[in-house]
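Undergrad: Structure provided below as structure tokens; questions to follow.
The values are calculated or read from the model by the stated rules, or taken from the named source; none is laboratory data. Source: prediction; values computed, not measured. Methodologically, a virtual Cβ is constructed for each residue, glycine included, from the backbone with ideal geometry; neighbour enumeration extends over all protein chains shown. Each accessible area value is taken on the protein alone, full model and side chains, heavy atoms only, with ligands, DNA and RNA left out. Shrake-Rupley method; radii C 1.70, N 1.55, O 1.52, S 1.80 Å.
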Amino acid sequence: MRRPVLSTALLLPLLAGCTSAPGDDGGPAEGHWRPTPGTAWQWQLSGKLDTSVDVPVYDIDGFDHDRATVAGLHDDGRKVICYVSTGAWEDFRPDADEFPAAVLGKGNGWEGERWLDIRATDVLEPLMAERLDMCREKGFDGVEPDNMDGYKNDTGFPLTGDDQLRYNRLIAELAHDRGMAVGLKNDLDQIPELVDDFDFAVNEQCAQYGECADNQPFVDADKAVFHVEYELPTERFCADSRELRLSSMLKKYELDAWREAC
């Protein structure tokens with residue numbers, strides 16, 4: 001999630017890191033984009049979108065932006081990631097009323113948001129499929145599914161690591177079936193089991209919590225790790241990020257346009 005202090009959890013300008021494999025089936029082995037380590041990025045989820053940041057990857061809110069915005073970023077040579085929450089309910093989304101009360105758990109630390117019972121895939125799979133259909137129809141290249149580590153939090157449900165693995169793989173499959181790349185958000189403990197299912201990682205505050213080396217399986221697999229810190233100055237993490245080949249930057253918690261890249 002856009003990380004408050006309640007849970008644990010990157011930027012080198014490398015245009016060549018934006019690659020796309022040829023293919024015609026949109027499956028996980030080929031046919032969709034897969035960013036490589038060190039690929040520079042911008043992550044903006046609030047405020048008026050600033051499209052002037054000279055980086056090859058933008059990560060923006062899937063609901064808040066239309067197909068024309070995505071197309072404009074494409075015209076500027078950018079790949080675009082669709083931010084959607086897949087592990088938490090948000091009362092401000094247009095599909096909020098479609099989630100039955102039985103799958104809504106405790107708050108996740110952000111106003112208007114509650115954890116979802118990810119065991120209820122009969123309910124959640126079609127809802128998430130609709131969200132990813134939206135991302136595809138708007139032309140996004142990839143998906144950042146948020147709140148992918150509920151089993152490590154106090155959700156109000158007895159979620160297990162196996163529950164999380166099944167759900168995260170389901171989300172990855174839904175994205176791949178639609179020809180889009182998909183990133184693993186945080187969930188560091190399950191990276192060894194999930195690195196083959198995901199095309200990149202998105203991490204918050206691994207430097208602050210001494211966890212950045214846990215992302216190494218993604219780098220070893222030639223997959224980007226998009227990383228932000230919120231509280232550490234860049235001099236505290238950028239050197240290590242370069243050594244680890246992470247795509248790191250400093251952002252504000254509200255994830256507006258401001259950034260300080262490594």
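Undergrad: Look through segment 78-88, keep the residues that are touching a helix residue (DSSP H, G or I) at 6+ places or on another chain (Cβ under 7 Å) and either assigned to a strand (DSSP E or B) or acidic (Asp, Glu) (or both), and return whichever of them is surrounded by the most Cβ atoms within 10 Å (Cβ to Cβ).
TA: Checked segment 78-88; the qualifying residue surrounded by the most Cβ atoms within 10 Å (Cβ to Cβ) is 82.
Undergrad: Can I ask one more? Look at segment 216-231 and say how many of its residues are part of a loop (DSSP other than H, G, I, E, B) and either more than 16 Å from residue 43 (Cβ to Cβ) or open to solvent by 10 Å² or more (accessible area, probe 1.4 Å) (or both).
TA: 5
Undergrad: Here's another thing I want to ask about it. Across segment 111-138, what is the total count of residues that are closer than 24 Å to residue 57 by Cβ and open to solvent by 20 Å² or more (accessible area, probe 1.4 Å)?
TA: Selection size over segment 111-138: 5.
Undergrad: Here is a further query. How many of the residues in segment 54-77 are part of a loop (DSSP other than H, G, I, E, B) and open to solvent by less than 20 Å² (accessible area, probe 1.4 Å)?
TA: 3
Undergrad: So, in segment 104-134, how many residues would count as being at pLDDT 95 or above and aromatic (Phe, Trp, Tyr)?
TA: Residues flagged as at pLDDT 95 or above and aromatic (Phe, Trp, Tyr) within segment 104-134 amount to 1.
Undergrad: Just to verify a result, which residue in segment 139-167, among those that are closer than 20 Å to residue 204 by Cβ and of a type in the set (Val, Ile, Thr), is farthest from the chain's Cα centre (by Cα)?
TA: 155
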